[in-house]
Each structure stands twice: as C-alpha cells, then as structure tokens.
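Contents: one structure, followed by commentary.
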Amino acid sequence: MTGGSRGIGKAIVCRLAEAGANVAFVYQSNQEAASKIACDITALGQVAWAMKADVSKKNEADSVVEQILEKWSKIDILVNNAGIIRDKPILTMSVEEWQQVIDTNLTSVFNFCQAVVRPMMSARYGRIVNMSSVSADFSNPGQANYAASKAGIEGFSRCMAVEYAKRGITVNCVAPGFIETDMTMAVVNLAGEKIKAAIPVKRLGKPEDVSNAVMFFVGEEASYVTGQVLKVDGGLTLGGMGWTNFSWVDANIGTLIVFVMNENSSDAVVFRGILGFG
Ligand code: NAP
C-alpha cells in the first residue's frame, strides 16, 4: 500500500488491517504520522509495517517489495495510492512541476506493479487497485500535470488488466471526487460550502468512502471485475445539478486556485487572464 500515512491511504491501511491483512505501507516524509498508524494498528492486535521510500524511484519500489517478500513471502494485494498535486497554469508550469507529479502519481504505479507482478503470477492470484481521480476525465484549469497522471493511471490499469487476467490478477481503479484530506484542505477552507452545494449528495467525501470502494475491489466478490474505474464522488461528475452544469465552477475553480496560490503571484495573474476575469 503506497501513501498510507495520511488521508485516504490511512483509511485503507486501517480497513485492510481490520480485515485481517498484514499491511505494509509506504510513506515519504511524515514519519511521525506513519509510526503512529503502525503503533495504533499493532495495539489492536493487527499487523502494520511503515516503510519509508520515494515511490517515484524504481530502486526504492523494488527494495520495498523485496523486503516484504522476504518477511511475508507473498503479496496478495497492491494499492497504489500515493499522490501529489502541484497546480499551475501550463504557461508557467516548470518542467520540474510537471515531472514531479508524473513521476509520483504515474511512474510509481508502473514501479510497484512491475515489482509485484512476478510473485503474483507465481501465486496465480493478485488484486491491484490504483488511485485515479475524477480529474482523469473531468479536468480543472491548473491541473494539466495531475489530470495527465491520473488519465495515464487508468490507461495503464486497463492494459495491465488484459495482460494478466488469465494469471488470476485483477487491476482496477478508484476515482475519488472531493475528499476531505490534507490535499484538499486549502480549497475546502476557502469554499467548502460552495463545493458541497455542487455535489448532488450535498457533502464532501470522507476517506472511508474511498476505502469502501477499495475493499470491494480486493474482495472475492470482485473476482470477475477487472480493468474498471469506480468513481466515488457523490455524483459530482454526473452533470445535472452538479459540478459540470454549475457556472460558478468555470469562473471559480480558477479563482480558488488563484487564491490558494497567492493572489498576487505571476501565476495568479496568468490564471485570471486565461479565465477571462480580473
Ligand atoms: P494526502 O493526504 O496528501 O496524502 C498523500 C500520501 O501520499 C501521504 O501518505 C504521502 O506520504 C504519500 N506520498 C506522497 N508522495 C510520495 C512519494 N514520493 N513517496 C511515497 N509516498 C508519497 O493525499 P490524499 O488526499 O489522501 O490522496 C491520496 C490519493 O487519492 C492520491 O493519489 C490523490 O491523487 C487521490 N485523490 C485524492 C482526492 C481528494 O479529494 N483528496 C481526490 C481524487 C484523488 P507523507 O505523509 O510521508 O508525505
């Protein structure tokens, strides 16, 4: 499980451990949060192992998988959840901001999937769930790097699903909408009520809403389901009364990003120009 120290990943780690899995989870920098999760889960008599690694680095992903196989001899489930945002208009997005998002969100999925596929093939069993986003096909200005990474994850997952279906390995994606975590905190603080109003179910998502979907894909009930994307977005992307039909969004998601960035920065000025206001 990658990105297990906070937010959606933390909820998934807890659910998998509750269900009886020995869970190894990767974090990058927040050692305190990761250790606390591992301790809390261990105190409940379940098994969790926090492992520090940068998921974007192939050698680190390989080393994580090797250590797990050494300790537990097999890996039944892989959840690729680690992800970041670096929102900027394309005009001013640096190569580093592009590459960091692609490497962390998309290349990491290749890194871990490749590392686990051989042992899963030998076991003739594997459940892989990759964390996409509604941004894969419903994109906001300022998220070209993020949207590309998530659309890439969905394409990669479909391809992997057909390559390894006959080996007993399923590969699916979960695509969350607006979930309350550190990643969305700044925007939610600014416009939580407006965002809720644009979501048909009239609430923001919780990490547990996403972990429920992951648990479906890794369970026996989903053994005939592969190459699919399940949106967990409260109806956000359905249109109707929601986001896509909401004129506020066109003007205001950009505004939000401008505010989150720093209203006076050069990026904010570019954004206002692109969006045709201010
Ligand atoms: P979050 O609260 O920001 O947590 C991100 C997690 O990823 C943390 O555990 C972080 O570790 C880990 N991580 C980041 N870069 C890493 C790297 N290079 N190597 C290893 N671990 C790394 O994010 P979240 O909101 O829970 O999002 C989880 C996933 O859901 C992401 O893929 C995100 O794109 C997707 N998603 C989220 C939303 C949403 O509304 N929140 C919506 C759609 C999709 P540290 O704690 O060590 O930094």
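The values are calculated or read from the model by the stated rules, or taken from the named source; none is laboratory data. Just so we're clear, the structure is a prediction, and the values are computed from it rather than from any experiment. Methodologically, a virtual Cβ is constructed for each residue, glycine included, from the backbone with ideal geometry; neighbour enumeration extends over all protein chains shown.
Structural remarks
- Yes/no for K74 being at pLDDT 95 or above, exposed (fewer than 15 other Cβ atoms within 10 Å of the Cβ), of a type outside the set (A, V, I, L, M, F, W, C) and more than 14 Å from the ligand (Cβ to nearest atom): yes
- Within segment 125-145, the set of residues being of a type outside the set (V, I, T) and assigned to a strand (DSSP E or B) comprises G126, R127, N130, M131.
- The residues on offer are A43, A38, A19, and the sole one that is touching a residue at least 24 places away in the same chain (Cβ under 8 Å) and aliphatic (A, V, I, L, M) is A19.
- Test: residue in segment 135-155 that is within 11 Å of the ligand (Cβ to nearest atom), surrounded by 17 or more Cβ atoms within 10 Å (Cβ to Cβ), within 19 Å of I77 (Cβ to Cβ) and polar (S, T, N, Q): no
- Taken over segment 113-137, the criterion of being closer than 13 Å to G83 by Cβ, touching a residue at least 24 places away in the same chain (Cβ under 8 Å) and not aliphatic (A, V, I, L, M) is satisfied by N130, S132, S133.
- Residue tally, condition more than 7 Å from the ligand (Cβ to nearest atom) and either over 25 Å from E221 (Cα atoms) or not in a strand (DSSP E or B) (or both), over segment 160-179: 9
- Failed condition for F217, given (1) within 12 Å of the ligand (Cβ to nearest atom); (2) assigned to a helix (DSSP H, G or I): (1)
- Test set (1) over 19 Å from M215 (Cβ atoms); (2) within 8 Å of the ligand (Cβ to nearest atom) - T2 fails condition number: (1)
- Residue ID - surrounded by the most Cβ atoms within 10 Å (Cβ to Cβ), chosen from residues in segment 5-53 that are more than 10 Å from the ligand (Cβ to nearest atom) and polar (S, T, N, Q): Q46
To keep it simple, each residue is scored yes or no on (1) surrounded by fewer than 19 Cβ atoms within 10 Å (Cβ to Cβ); (2) more than 27 Å from A123 (Cα to Cα).
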site: T170; (1), (2): no, no
site: P176; (1), (2): no, yes
site: I179; (1), (2): no, yes
site: L190; (1), (2): yes, yes
site: K194; (1), (2): yes, yes
site: K202; (1), (2): yes, yes
site: G219; (1), (2): yes, no
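- Subset of segment 125-134 (residues that are away from the ligand (no atom under 15 Å from the Cβ) and either over 24 Å from S211 (Cβ atoms) or within 15 Å of the chain's Cα centre (by Cα) (or both)): none
- Unique match (being more than 17 Å from the chain's Cα centre (by Cα) and assigned to a helix (DSSP H, G or I)) among S149, S108, S122, S157: S122
Yes/no matrix, rows are residues, columns are (1) in contact with a strand residue (DSSP E or B) (Cβ under 8 Å, 6 or more places away or on another chain); (2) closer than 30 Å to A144 by Cβ; (3) small (G, A, S):
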| residue | (1), (2), (3) |
| --- | --- |
| S5 | yes, yes, yes |
| G45 | no, no, yes |
| I84 | no, yes, no |
| D103 | no, yes, no |
| Q114 | no, yes, no |
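- Number of residues in segment 85-98 that are free of Cβ contacts under 8 Å to residues at least 40 places away in the same chain and either of a type in the set (A, V, I, L, M) or within 16 Å of the ligand (Cβ to nearest atom) (or both): the value is 2.
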